[in-house]
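In what follows, a single structure is set out as structure tokens and then discussed.
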Amino acid sequence: MSSSNSELAQLQQQIQEAIIKTFAPEDEGLRNALTSAKETGLPEIQISPIQGKLLQLLAVACNACKILEIGSLGGYSGIWLARALPQGGRLITLEINPAHAAVVRNSFAKAGVGDRTEVRVGNALDLLPTLQSEAPFDLVFIDADKEPYPQYLEHALRLTRPGSIIVADNCIRQGQGFLPPQNDYTEGIVEYNRRVASDPRLTSLALAMDDDYTDGFTIAVVNH
Ligand code: DHB
Ligand code: MG
């Protein structure tokens, strides 16, 4: 039994690698963002290449010209998203740490997306109320601290239009995203999943899609 479990894990990994090689290879700009983030001491918790490509696909599917990201980390997801924008498109990413924001700006420039990206520094819950005049955003990607996910969702709903897509990372967390909350972290994602799944304004789904299929995005489309 354990041998077939490990064979399954190996097969899953081979499939992931083949999908990445075929559909989502990283270039110099993405690899540089990872190296710079690591040198800055940021945790290596960025999305996978497959998740990056899915963000691009969703951005193209909703004709995204304006994208909002909540939580920049090292700029890796921001590069995937910004590269899906058409000429004149704009990505605004919110980052609480000014030093990290500087690293992200540098990585964006090196990845060739400096012209269409803007890193805004501050607590997302302070910055989100200031974005109304720049709305609607066509895609919102939520990947910051987990406790306020339900509040980020309220802002995302206010700042989007019918057809916009709202994506949130880390909504499964080894299944904790659907269990009675264990702590503030899981309370945020449990409540987030509960709200998007039951909100009549949204069509939504959680997708297990990280390396070992135990974490992933919850994706919600704002209904027409
Ligand atoms: C954590 C946060 C993330 O956004 C992530 O993708 C993985 C882990 C964390 O806070 O542990
Ligand atoms: Mg994350």
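When segment 2-54 is filtered for residues that are under 24 Å from Ile70 (Cβ atoms) and either among the basic types (Lys, Arg) or at pLDDT below 95 (or both), the ones remaining, listed by number, are Lys38, Lys53. Take segment 130-166 and flag every residue that is basic (Lys, Arg) and within 22 Å of Cys65 (Cβ to Cβ). Arg158, Arg161, listed by residue number.
Anything in segment 112-138 that is loosely packed, with under 13 Cβ neighbours inside 10 Å and in contact with a helix residue (DSSP H, G or I) (Cβ under 8 Å, 6 or more places away or on another chain)? List them, or say none. Once the filter is applied, which keeps residues that are loosely packed, with under 13 Cβ neighbours inside 10 Å and in contact with a helix residue (DSSP H, G or I) (Cβ under 8 Å, 6 or more places away or on another chain), segment 112-138 yields Pro129, Gln132. Residues in segment 157-192 that are polar (S, T, N, Q) and within 30 Å of Gln14 (Cα to Cα) were compared, and the one that is nearest to ligand 1 (Cβ to nearest atom) is Asn170. Scanning segment 4-16 for residues that are surrounded by 11 or more Cβ atoms within 10 Å (Cβ to Cβ) and not small (Gly, Ala, Ser) gives Gln12, Gln13, Gln16. In segment 30-57, the qualifying residues are those that are of a type in the set (S, T, N, Q) and in contact (Cβ under 8 Å) with a residue 24 or more places away in the chain, and the one that is surrounded by the fewest Cβ atoms within 10 Å (Cβ to Cβ) is Thr40.
Mind checking which helices (runs of 4 or more DSSP H) fall wholly inside segment 22-130 and carry at least 3 residues that are of a type in the set (D, E, K, R)?
28-39
Answer yes if at least one residue in segment 78-88 is within 16 Å of ligand 1 (Cβ to nearest atom), surrounded by fewer than 12 Cβ atoms within 10 Å (Cβ to Cβ) and within 27 Å of Lys146 (Cα to Cα), and no otherwise. No: segment 78-88 contains no residue that is within 16 Å of ligand 1 (Cβ to nearest atom), surrounded by fewer than 12 Cβ atoms within 10 Å (Cβ to Cβ) and within 27 Å of Lys146 (Cα to Cα).
Results for (1) free of Cβ contacts under 8 Å to residues at least 60 places away in the same chain; (2) closer than 23 Å to His224 by Cα; (3) under 18 Å from the mean Cα position of the chain (by Cα), shown as yes or no for each residue.
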{"site": "Leu128", "(1), (2), (3)": "yes, no, yes"}
{"site": "Leu131", "(1), (2), (3)": "no, yes, no"}
{"site": "Lys146", "(1), (2), (3)": "yes, no, yes"}
{"site": "Leu159", "(1), (2), (3)": "no, yes, yes"}
{"site": "Pro162", "(1), (2), (3)": "no, yes, no"}
{"site": "Val167", "(1), (2), (3)": "no, yes, yes"}
{"site": "Gln176", "(1), (2), (3)": "yes, no, no"}
{"site": "Leu179", "(1), (2), (3)": "yes, no, no"}
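When restricted to residues that are within 11 Å of ligand 1 (Cβ to nearest atom) and either in contact (Cβ under 8 Å) with a residue 60 or more places away in the chain or of a type in the set (D, E, K, R) (or both), segment 60-77 contains 4. Within segment 64-72, identify whether any single residue is hydroxyl-bearing (Ser, Thr, Tyr) and within 14 Å of Ala24 (Cα to Cα), and answer yes or no. The answer is no, given that none of the residues of segment 64-72 is hydroxyl-bearing (Ser, Thr, Tyr) and within 14 Å of Ala24 (Cα to Cα).
The values are calculated or read from the model by the stated rules, or taken from the named source; none is laboratory data. Because the structure is a prediction, the values reported are computed rather than measured. As a convention, Cβ positions derive from the backbone with ideal geometry for all residues, glycine included, and neighbour counts pool all protein chains shown.
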